[in-house]
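What follows is a single structure, written as structure tokens, with notes after it.
Where a number appears in this text, it was derived from the coordinates with a stated rule and is not lab data. For clarity, every value in this text was computed on a predicted model and none was experimentally measured. Here the Cβ positions follow ideal geometry from the backbone for every residue, glycine too, while neighbour counts run over all protein chains shown.
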Amino acid sequence: MTQRPVYIVDDEPEIRSALSLLLSTLGVETEEYASAEGFYENAPSNEPYCVLLDNRLPGLSGVDLLPRLVERSSSACVILMTGHGDVPTAVKAMKLGAYHFVEKPFDPEALLAVVEEALNHSQREAGPGAEAQKFRERRATLTEREAEVFALLMEGLPSKVVAARLDISARTAEHHRAAVLRKFEAKSLSALLRVALSVKN
């Protein structure tokens, strides 16, 4: 699929090995690093690449490393790996330039799809103007309640908090969240965030 390796930055050897094995099913080679500092010393400059970056690392965290990577290479596709309940941090990462975030434990198929998308990102032909127009058209299809849910999701709030803010049940909040993703044709919240943050409103 690509001549470039996918970099894996995680302090747990078993996770690095599992990710390398998973990515090998795509025919993708990997390079592993146990720390943010170790990867930063070897990170490519001014060229596109994909890295799976754990947030909780000894020393420099993933979120701390992220802006340094983006500054060094604006076309870097950083996929931040976070634990459950860490969505606000993930949203912060998206605003700092992360391409996607994924939650542990991973859904193998979903993770592979994210990596494939990141690897193909630099080859996409669609211009930002077309993407912005499509985003606005899809946002216009939201109901008033869905628009409220969308705004809170963009703040990184989990469904339970969204439900409390809007005085609706958690199940209803999940229903609206699913409707928002469906109308934007987004496979995940991180995919929706990436597009929303890239559009100049």
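In the neighborhood of Pro44, defined by Cβ-to-Cβ distances under 12 Å, what is the net charge if each Lys or Arg adds +1 and each Asp or Glu adds -1? With Lys, Arg at +1 and Asp, Glu at -1, the neighbours total -1. Restricting the calculation to alpha carbons of the stretch 6-121 gives Rg and Dmax of 12.6, 33 angstrom. Remark: the chain carries a charge dipole of roughly 980 debye about the Cα centre, counting +1 on each Lys and Arg Cβ and -1 on each Asp and Glu Cβ. For the peptides 61-70, 150-159, residues were scored by their other Cβ atoms within 10 Å and the scores averaged per peptide; the highest-first order is 61-70, 150-159. Neighbours of Lys92 by Cβ distance under 12 Å: Lys/Arg scored +1, Asp/Glu scored -1, total -2.
Per the Debye calculation on the stretch 128-198 with a single equal scatterer at every Cα and no solvent contribution, log₁₀ I(q)/I(0) for q = 0.22, 0.25 Å⁻¹ amounts to -0.92, -1.15. Normalised radius of gyration (Cα atoms, divided by 2.2 N^0.38 Å) for the chain: 1.05.
Rounded to the nearest 10 degrees, the inclination of helix 13-24 to the longest alpha-carbon principal axis of the chain is 80 degrees. Distant-in-sequence amide contacts of Cys77, defined by a placed amide H-H separation under 5 Å and a gap of 5 or more residues or a different chain, comprise Tyr49, Cys50, Val51.
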